[in-house]
Amino acid sequence: MTVTSTLPLLCRFRRHLSLVAAAGMAGVTATGMAGVPATFSSATAQIGGFLSKKPYAPPLWATHLSPMPCHTFSLGHFPTPIHKWNLPNLPEGTEVWIKRDDLSGMQLSGNKVRKLEFLMADAVAQGADCVITVGGIQSNHCRATAVAAKYLNLDCYLILRTSKLLVDKDPGLVGNLLVERLVGAHVDLVSKEEYGKIGSVALADLLKKRLLEEGRKPYVIPVGGSNSLGTWGYIEAIREIEQQIQQSSDVQFDDIVVACGSGGTIAGLALGSRLSSLNTKVHAFSVCDDPEYFYDYVQGLIDGLNSGFDSHDIVSMENAKGLGYAMNTAEELKFVKDIAASTGIVLDPVYSGKAVYGLLKDMAGNPAKWKGRKVLFIHTGGLLGLYDKADQLSSLAGSWRRMDLEDSVPRKDGTGKMF
């Protein structure tokens, strides 16, 4: 028998049953049975749910996309909360809300875990015994991949880009590197110049060849987990947002805003938003390369799913890279500190910090564009990256002082030394 689909017949049969069930429940998920409000909770909250493999059934509005994943692993804590964000100096009538994908888990926090749920399932299905991925020296994606791999009993090989002055030195244990090395990831360093000359794909292929020669079974995950399969992570996030809105009918979003560093997150958000009932306008603030590069890259991702859309029609790209990827001006770092001090939300300096900085600048420069709109910002995590900026942030951080103690206050008899 010739199999023309890339999916096993059993997988497609299971999906068919899931879609039939989903269709039968349509109209119930938003309001529940007999008018009782429905609730939905993360499968990971159930005993044995976390790290479990489960069949995947797409949203009804995405069933025409192809190829479609067969399974996922439950790696994140979903749904992540959405709440109002009291940012300063907004245009008249504008509301900003925030979806906290930075709370998708401690070790796996951020947007990368959504992609990895699909990518790691594919790696396991292909019989891999290790994964390879590539990123910057403080890559959130590489840290999340290292943790996810260890959860699933796979080895992880990381190719990390650093400066030529540091490429021959121990990279240290700061931020994401600490987690990566604690979980036993194998780290290979390359200089930025070598990376630019050879490219991430060729570097990963070189390491893959070496591992194959050693008898290993490597699976390559692209930079940021951003390929067409990884895009399903944020198609699924749109379904999550859609369900959250159905339970809070007083909130309808006009815009979704997110940082863009590798393209997969924005491809999933833009495609999902256009296909779903949300139909919100999606804005991406690119923190590296330029908008045209990302229009082209996103086009490749959505073409890989046979979507039939033009990327220019489903997302608006803005340049927010400033000095360059992972490089910050003093003004940008002060902005991150000021937002944390005024709202309690800690942004990372590489992605979300630059995106919100760019968003508020655009709101200040074009208030009529945003007047009266309800905006949902997707916080993509990356808190560990702040540790790499500790020296630059030291002069901005909150003050401290030694407590002034009165000599006349004696310790009471019987009181412990610590408490």
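The values are calculated or read from the model by the stated rules, or taken from the named source; none is laboratory data. All values derive from a computational prediction rather than experimental measurement. Quick reminder, even Gly has a Cβ in these numbers, built from the backbone with ideal geometry, and neighbours come from all protein chains shown. Only protein heavy atoms, including side chains, enter the accessible area calculation; ligands, DNA and RNA are left aside. Shrake-Rupley method; radii C 1.70, N 1.55, O 1.52, S 1.80 Å.
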Could you sort out which of Lys54/Lys281; Lys112/Lys389; Lys164/Lys281; Lys115/Lys374 sit more than 30 Å apart by Cα distance in this structure?
Lys54/Lys281; Lys164/Lys281
At 0.692 mPa s and 37 °C, Stokes diffusion of the stretch 112-224 via Kirkwood alpha-carbon radius, µm² per second
235
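For the chain, with all protein chains present and a 1.4 Å probe, just round the carbon and sulfur fraction of the accessible area to a whole percent.
55
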Of Asn319, Leu108, Ser342, which is farthest towards the positive pole of the chain's charge dipole, taken about the Cα centre with +1 and -1 on the beta-carbons of Lys, Arg and Asp, Glu respectively?
Leu108
Going highest first, how would you order 321-328, 348-355, 180-187, 222-229 by mean Cβ packing within 10 Å?
348-355, 222-229, 180-187, 321-328
Near the amide H of Ser316, under 5 Å away, which other amide H atoms are found, from residues 5 or more places off or on another chain, if H is placed in the peptide plane?
Val282, His283, Ala284
Quick one: what are the phi-derived ³J(HN,Hα) couplings along the stretch 382-388, Karplus 6.51/-1.76/1.60 with θ = phi - 60°, whole Hz, x for glycine and proline?
x, 4, 4, x, 5, 4, 6
Keeping all protein chains in place, calculate the accessible area per residue for the chain (probe 1.4 angstrom), answer in Å².
49
In order over the stretch 154-159: 3J(HN,Hα) from phi, Karplus 6.51/-1.76/1.60, θ = phi - 60°, whole Hz, x for each Gly or Pro, gives 10, 6, 10, 10, 10, 9
Sorted by chain and number, the residues with a modelled amide H under 5 Å from that of Glu95, at a separation of 5 or more or across chains, are Arg373, Lys374, Val375
Show me the trypsin sites (Lys or Arg not before Pro) within the stretch 97-173 that DSSP assigns to loop and that have at most 15 other Cβ atoms within 10 Å of their Cβ.
Lys164, Lys169
Taking amide H positions as placed 1.01 Å from N in the peptide plane, with prolines and chain starts having none, which residues 5 or more places from Ser52, or on another chain, fall under 5 Å of its amide H?
Ser74
When N counts the residues of the chain, how does its alpha-carbon radius of gyration compare numerically with 2.2 N^0.38 Å, as a ratio?
1.05
Using θ = phi - 60° and the Karplus curve 6.51 cos²θ - 1.76 cosθ + 1.60, what whole-Hz ³J(HN,Hα) does each residue of the stretch 144-152 get, with Gly and Pro shown as x?
5, 5, 4, 5, 4, 4, 5, 3, 9
Per the C-alpha gyration tensor (a ≥ b ≥ c, the square roots of its eigenvalues), the stretch 225-265 is rounded if a/c is under 1.5, else prolate if a/b beats b/c, else oblate; here it's oblate
Pseudo-spin-label distance Glu194 to Ser163, built 7 Å along Cα→Cβ, given in nm, is 1.7
Most mobile listed residue (Thr72, Thr231, Thr343) in the chain, GNM with C-alpha springs under 10 Å:
Thr343
Rounded FRET efficiency, nearest 0.05, which uses the C-beta distance separating Asp407 from Ala45 and R0 of 60 Å:
0.70
